[in-house]
Structure formats: C-alpha cells, structure tokens
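The values are calculated or read from the model by the stated rules, or taken from the named source; none is laboratory data. Note that the structure is a prediction, hence the values are computed from the model and not measured. Cβ placement follows ideal geometry from the backbone for every residue including glycine, while neighbour counts extend to all protein chains displayed. When the accessible area is computed, the model is the full protein with side chains, heavy atoms only, and any ligands, DNA or RNA have been set aside. Shrake-Rupley method; radii C 1.70, N 1.55, O 1.52, S 1.80 Å.
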Amino acid sequence: MVSTISRLPVLILLLVSMAAWAQTARQWLPLAKDGIHDPRNPALRLLQEPAAALSRLPADGAGNQVNWVHALERGVINPRTNILPETQVMVIDVDIYLNLRGGTPIVRFPHRAHTMWLDCTNCHQQLFASKAGANKLSMEAMLKGEQCGVCHGAVAFPLTECARCHNTPRNQPLPVGAIRGS
Ligand code: HEC
Ligand code: HEC
Ligand code: HEC
C-alpha cells in the first residue's frame with residue numbers, strides 16, 4: 001500500500017513550509033556562533049563577519065540571503081574568472097526548456113547564469129549529457145541531491161525556490177527557436 005503512494009508530494013509540502021518559514025528579515029549568525037568556527041580562537045576577530053559582507057549584496061529570501069546572479073550581473077562583485085592564465089573562460093547564452101510534459105510550470109534552464117560561475121565540465125558530460133532532451137531528469141532525484149540538486153540546496157539557491165526554476169508559464173507559446181529538452 002505505502003509503496004504505491006509517491007513520497008514526492010510529502011517532500012514538496014515539507015519544502016514549501018520550510019520556504020515560508022525562511023521569509024524573515026536578513027540575519028546571519030556571527031562566526032562565533034555558527035558551529036563551524038572555534039569561538040575561543042583569538043584569531044576569529046580577524047575574520048570578516050558574514051553580516052558585514054553579505055548585507056551589502058542584493059537581497060534574496062532564501063539560502064544565504066544573497067541573490068548571487070544579481071550581485072554578479074550588477075557588478076557588485078567582480079570575482080576572478082580563473083587562477084591559471086591558460087584556463088579558457090566561456091560564457092554561453094543558451095536557454096534550454098525542461099519539464100515540458102509536467103504539470104508544474106516549465107523550467108527554463110539558463111546557460112548564461114551558470115557559465116558566469118561555472119565551467120562546462122562542471123556539468124558536461126558527467127552530470128548532464130550536452131544534448132537537449134538526452135537526460136532523464138526527475139524532481140525526486142534532485143530532492144535527493146542529484147542532477148540540479150547537486151548544487152541547488154548546496155552552493156546555489158535551494159530547491160524550496162520552486163518558481164525560480166519553474167519560471168515559464170505552460171499556457172503560452174515558447175519563444176521562437178526555443179531549445180526543448182525533456
Ligand atoms: C533547481 C531547479 C528546480 C527547483 C528549485 C525546483 N524544481 Fe521541480 N523540476 C525541475 C526540473 C528540471 C524538472 C523536470 C524533471 C522532468 O523532466 O521530469 C522538475 C520537475 C518537477 C515536477 C514533476 C513534473 C511536473 O511538473 O509535474 C514537480 C511536481 C516539481 N518539479 C515540483 C517542484 C516544486 C513544488 C518545487 C519547489 C518545492 C520545485 N519543483 C523546485 C527543476 C526544479
Ligand atoms: C549547470 C550545468 C551546466 C553547465 C555549467 C553547462 N551546461 Fe550545457 N546543458 C546543461 C543542461 C541541463 C542541458 C540540457 C540537457 C537536456 O535537455 O537534457 C544542457 C545542454 C547543452 C547543450 C545541448 C543544446 C542542444 O541544442 O542540444 C550544449 C551544446 C551545451 N549544453 C553546451 C554547454 C557548454 C559549451 C557549456 C560551457 C560553456 C555548458 N553547456 C555549460 C547544463 C549545463
Ligand atoms: C554545478 C552546479 C549547478 C548545477 C548542477 C545546476 N545549477 Fe543552477 N545555478 C548554479 C549557480 C552557482 C547559480 C547562481 C547562484 C544562485 O543563483 O544561487 C545557479 C542559478 C540558477 C538559476 C537562476 C538564474 C537567475 O537568473 O537567477 C536557475 C533558474 C537555475 N540555476 C536552474 C537550474 C536547473 C534547472 C538545473 C538543472 C537542470 C541547475 N540549475 C543545475 C549552479 C548549478
């Protein structure tokens with residue numbers, strides 16, 4: 001009996017309620033209380049407190065409460081693109097539309113927002129084959145920390161931000177020439 005009931009709706013409910021809980025004012029734990037740094041270490045005061053740095057960056061209601069895509073695009077931060085001079089940096093502006101057969105809004109995957117931060121090899125070919133529609137994606141796998149969930153919820157905005165991925169209405173035609181994935 002239990003095995004016939006999908007656990008996905010339960011997981012999703014849990015995530016949505018966590019997201020509602022997170023909608024409070026921006027606050028960051030001081031280093032001495034983050035459970036990572038040793039509060040008795042006298043060198044701790046030499047480190048910049050997260051609140052001092054992150055409060056100056058564009059706000060977000062989730063994750064570490066910074067919208068990192070805005071921070072980069074508005075030039076608020078200007079991180080180094082490479083350590084070794086021979087590293088090839090490549091940004092591509094290609095969107096792939098995913099979840100075309102589902103019930104929730106379509107997912108527009110932006111290569112640009114990703115390749116501003118990442119190298120092609122961070123995703124291709126281990127995580128995703130670079131061929132539209134070639135990957136069998138699933139929300140359940142993501143919730144288990146696979147596929148998009150390798151990063152989202154770990155180093156990028158969390159999976160509770162449904163609408164940031166499910167960002168394209170299903171009842172309107174996709175842009176001309178849109179690349180369709182799965
Ligand atoms: C990091 C991006 C991302 C986030 C955040 C995300 N999803 Fe998804 N979701 C996807 C992708 C990609 C698929 C397509 C998988 C496929 O092709 O079946 C998907 C598929 C689904 C599906 C199955 C197909 C359908 O539409 O019925 C459901 C249900 C779903 N997501 C619900 C959610 C809910 C609810 C949230 C928020 C709690 C959420 N997703 C957050 C990327 C995301
Ligand atoms: C964050 C992960 C990620 C990064 C980084 C990434 N891609 Fe992709 N790429 C994807 C996903 C997801 C798809 C869609 C796969 C699908 O539809 O199943 C895709 C699809 C593609 C496709 C297929 C398009 C088509 O028309 O069939 C190409 C080509 C591609 N990527 C090239 C690149 C290149 C070149 C880079 C680096 C400049 C790059 N990708 C970086 C995730 C990524
Ligand atoms: C290798 C790591 C990685 C993977 C895998 C990954 N992402 Fe991301 N994603 C990022 C980072 C880093 C950002 C930028 C920081 C942020 O927004 O938190 C980002 C941002 C985004 C954005 C926001 C774009 C904007 O303009 O705000 C969307 C949408 C998104 N990802 C969807 C997806 C989907 C859908 C998948 C799976 C098909 C996926 N990502 C897989 C790392 C990843």
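Could you compute how fast the chain diffuses translationally, taking Rh as the Kirkwood radius over C-alpha pairs and applying Stokes-Einstein at 37 °C with viscosity 0.692 mPa s? Give it in µm² per second.
Values: Rh = 19.1 Å.
In µm²/s, the coefficient is 172.
Counting other Cβ atoms within 10 Å, keep those with at most 16, restrict to DSSP loop, and tell me which GluC sites (Glu not before Pro) in segment 79-182 are left. Don't skip to the answer; put the middle values down first.
Details: sites: GLU86, GLU140, GLU146, GLU161; in loops: GLU86, GLU146, GLU161.
Filter output for segment 79-182: GLU86, GLU146.
Once every DSSP H run of n ≥ 4 in the chain is given -39500 (n - 2.57) and the sum is divided by its residues, what mean residue ellipticity at 222 nm do you get, rounded to the nearest 500 deg cm²/dmol? It would help to have the intermediate numbers written out before the result.
Numbers: 6 runs with 39 residues, N = 182.
Computed ellipticity for the chain at 222 nm equals -5000 deg cm²/dmol.
What does the extension gain come out to for ALA52 and LEU8, with contour length at 0.36 nm per residue minus their alpha carbon separation? Don't jump to the answer; show the numbers that get you there.
Details: separation 44, 0.36 × 44 = 15.84 nm, distance 3.84 nm.
Residue separation times 0.36 nm, minus the Cα-Cα distance, leaves 12.0 nm.
With each pseudo-label sitting 7 Å past Cα toward Cβ, what's the PHE128-LEU44 distance in nm, one decimal?
4.0
Just read off the accessible area of ASP34 with the full protein assembly in place, 1.4 Å probe, to the nearest 10 Å².
ASP34 has an accessible surface of roughly 40 Å² with all protein chains in place.
Only bridges whose two residues both fall in the chain count here: according to DSSP, what percent of them are antiparallel, nearest 5? Walk me through the numbers before you get to the answer.
Working: 6 of 9 bridges.
If I count the DSSP bridges inside the chain, around 65 percent turn out antiparallel.
Using 0.36 nm per residue, how much length does the chain from THR121 to HIS70 gain when fully extended, once their Cα-Cα distance is taken away? Before the final figure, lay out each step's value.
On the way: separation 51, 0.36 × 51 = 18.36 nm, distance 2.36 nm.
Contour length minus the Cα-Cα distance gives 16.0 nm.
Would you list the P(r) distribution for segment 80-182, with all Cα-Cα distances sorted into 10 Å bins from 0 and each bin expressed as a whole %?
Using 10 Å bins, I get a P(r) of 13, 46, 32, 8, 1 for segment 80-182.
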